[in-house]
Amino acid sequence: MSEKEVKNLEEIFEARIARDEKIEPKDWMPEKYRQTHIRQISQHAHSEIVGMLPEGNWITRAPSLRRKAALLAKVQDEAGHGLYLYSACETLGISRNELYDQLHSGKAKYSSIFNYPTITWADIGAIGWLVDGAAIINQVPLCNTSFGPYARAMVRVCKEESFHQRQGYEIMLTLCNGTPEQKAMAQDALNRWWWPSLMMFGPTDAESVHTAQSMKWKLKRKTNDELRQQFIDQTVPQADILGISIPDPDLKFNKETGHYDFGAIDWDEFWQVVKGHGPCNKERMNARVSAWENGEWVRDAAMAYAEKQSKKKVAQAS
Amino acid sequence: MENQALYKYILGIADNSLILGQRLGELCGHGPSLETDIALTNISLDLIGQTRSYYQYAAKFLGENKTEDDVAFLRLENEYLNVLLVEQPNTHFGYVMARQYLFDVFHLMLMEELQHSKDITLAAIARKGIKEVSYHKRFSGDWIKRLGDGTEESHAKMQEAINDLWRFTEELFQMTEDDRLVTGEGVGIDISKFKEAYYDEVTALLREATLTIPESKFFISGGKEGRHSEHMGYLLADLQYMQRTYPNMSW
């Protein structure tokens, strides 16, 4: 294809996105669009899978049967999200094994928040309330993103996430209406999860490298800082209802802007965790890699068995 | 307690679901593939769901203000009446599937009879459980075949698991005194009569999976009387952790 022809295709492509048309896997797309989407969708899928670990940590110790069942269902939902996000990603011409390799080798990233430990039951509430809450704010705009399979996957993901968030908040509410020990547990969880949750929206707009292109392709509708502000404005009143305090002495409502002003985020911590040196990066990666390596003989057996079965069928037919 | 025998009979069934569900819950996020991970979590979820129905019923025998969680979390180890099979650890995926299948075949037979119990609550729980347990058995049976007749390595691992877990199968058919009492009333099920059909079915599937049927005639039991394996204390330490550490709180 000549340069001119490519340019022509690109123009048609950009015009389709501008008209809010969906791009489907078999449509022509610029290589950069494909690569950006593989990066973002797989990162999202990996986050779901790694995200199963900190919450899975409490399945065996959930405090009641109702909570145990709800947590099992929630972690199972996350596995399901991972599954259809990987599938959406595979439509872009990359295999699931390649995607896993990227995760296991550290080449692909996942949401840094899952590198923090879940040390009390209240962390399960805080993750639902804050982490899923932040995820929803990040993800709702993606229901209208330009790449069809991703947009459709996100519709379902968002519905389930919003259920998880209510569940998480309800755990917090129960703790805050409980004994002093339970309320202290809730406060402690908020103290530890608040700042990492704010970091989930990514670097400030000034530092963010992908924003402009992502806006154009509708992978983003609002900037990191706008989304972060939205999260804070939404969450502060919820903490007030719980009767626990957000660990930020600079947090206060600004009547002029109509938003909450907040203190400085520790970006050194953010980058430390992103670069692999958070409290649980090694544990999370080890857990994923071990599951994959320990499961190899099982996957091999399934392949070998399927081959034997199809040979048998062929033999019977002839 | 007014009906101690029926209470213990319910536990004898429900504790199997709780303890196996707990064991499967340990695997969440660590399965050999995303699909098996989802399936195992799903089975765990079914079993915990069944457990809740049984315990909600059982809690009524304990008196007012008692709930499913009192039954689930606040008993001593020797008051749990599950069979030894279900508390065995997740040594590897072969063990997980062997434990599952050896239990599922029995579990389905039990549900199919229990749905005709004179006790309408137990009958209703069983009726609801049949569909779930049929799926569990299909899933575990399919994996026994895949692993048994897959690669050399998987065959060896599957055989190892079957050999090790076989000794726990006979306990499934043992009846306690309470079981006999409740069965005499038309509420419980005479599980001893399943034994032949069970071994026929399991044997046929293991053969299809190219596995050897263990010849050992030595079996181990005790779980149904509250005498458990060394694994049980650790399992309960996790299960009961919150309720024991923070007593008398709502969650």
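Quick notes on this one:
- Residue in region B:193-238 that is least open to solvent (accessible area, probe 1.4 Å), counting only those that are over 28 Å from B:Met109 (Cα atoms) and in a helix (DSSP H, G or I): B:Gly233
- Every listed requirement among (1) surrounded by 24 or more Cβ atoms within 10 Å (Cβ to Cβ); (2) assigned to a helix (DSSP H, G or I); (3) within 11 Å of another protein chain (Cβ to nearest Cβ) is met by B:Cys28 save one, (2).
- Complete set of residues in region B:103-121 that are out of contact with any helix residue (DSSP H, G or I) (no Cβ under 7 Å at 6 or more places or on another chain) and either outside any loop (DSSP other than H, G, I, E, B) or free of Cβ contacts under 8 Å to residues at least 60 places away in the same chain (or both): B:Glu113, B:Ile120
- For region B:72-89, filtered to residues that are closer than 20 Å to B:Ile43 by Cα and outside any loop (DSSP other than H, G, I, E, B), the residue that is nearest to the chain's Cα centre (by Cα) is B:Val86.
- Long-range neighbours under 9 Å by Cβ, at least six apart or interchain, first residue within 20 Å of B:Met242 (Cβ to Cβ) within region B:58-78, second aromatic (Phe, Trp, Tyr) and outside any helix (DSSP H, G or I): B:Asp69/B:Trp251
- Residue among A:Phe262, A:Phe270 that alone is under 23 Å from the mean Cα position of the chain (by Cα) and either away from every other protein chain (no Cβ under 14 Å) or surrounded by fewer than 13 Cβ atoms within 10 Å (Cβ to Cβ) (or both): A:Phe270
- Of residues in region A:235-280 being of a type in the set (A, V, I, L, M) and in a loop (DSSP other than H, G, I, E, B), the one farthest from A:Leu198 (Cα to Cα): A:Ile244
- Among residues of region A:282-308 that are at the interface with chain B (Cβ under 8 Å from one of its Cβ atoms) and assigned to a helix (DSSP H, G or I), those with a beta-carbon under 6 Å from a residue that is of a type in the set (Phe, Trp, Tyr) and surrounded by 13 or more Cβ atoms within 10 Å (Cβ to Cβ) at least six positions away or on a different chain give the pairs A:Val298/B:Phe93.
- Every residue from region B:134-157 that is over 21 Å from A:Lys312 (Cα atoms), small (Gly, Ala, Ser) and either surrounded by fewer than 16 Cβ atoms within 10 Å (Cβ to Cβ) or at the interface with chain A (Cβ under 9 Å from one of its Cβ atoms) (or both): B:Ser134, B:Ala156
- Checklist (1) assigned to a helix (DSSP H, G or I); (2) open to solvent by 20 Å² or more (accessible area, probe 1.4 Å); (3) basic (Lys, Arg) applied to B:Arg23, failing item: (2)
- Flag if B:Leu165 is closer than 22 Å to A:Ala306 by Cα and assigned to a helix (DSSP H, G or I): no
Here's the yes/no breakdown for (1) part of a helix (DSSP H, G or I); (2) touching a Lys or Arg at 6+ places or on another chain (Cβ under 6 Å); (3) within 14 Å of another protein chain (Cβ to nearest Cβ); (4) under 17 Å from B:Leu239 (Cβ atoms):
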{"position": "B:Ala14", "(1), (2), (3), (4)": "yes, no, yes, yes"}
{"position": "B:Ser17", "(1), (2), (3), (4)": "yes, no, yes, yes"}
{"position": "B:Ile43", "(1), (2), (3), (4)": "yes, no, yes, no"}
{"position": "B:Gly49", "(1), (2), (3), (4)": "yes, no, yes, yes"}
{"position": "B:Asp70", "(1), (2), (3), (4)": "yes, no, yes, yes"}
{"position": "B:Thr91", "(1), (2), (3), (4)": "no, no, yes, no"}
{"position": "B:Ala98", "(1), (2), (3), (4)": "yes, no, yes, no"}
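- Out of A:Ala45, A:Ala73, sole residue that is free of Cβ contacts under 8 Å to residues at least 60 places away in the same chain, at the interface with chain B (Cβ under 10 Å from one of its Cβ atoms) and open to solvent by 10 Å² or more (accessible area, probe 1.4 Å): A:Ala73
- Qualifying residue in region A:146-169 (condition: more than 26 Å from A:His37 (Cα to Cα) and within 14 Å of chain B (Cβ to nearest Cβ)): yes
The values are calculated or read from the model by the stated rules, or taken from the named source; none is laboratory data. All of these numbers come straight from a predicted model, not from anything done at the bench. All Cβ positions, glycine included, derive from the backbone under ideal geometry; neighbour counts span all protein chains shown. These accessible areas exclude ligands, DNA and RNA; they are computed on the full protein's heavy atoms, side chains included. Shrake-Rupley method; radii C 1.70, N 1.55, O 1.52, S 1.80 Å.
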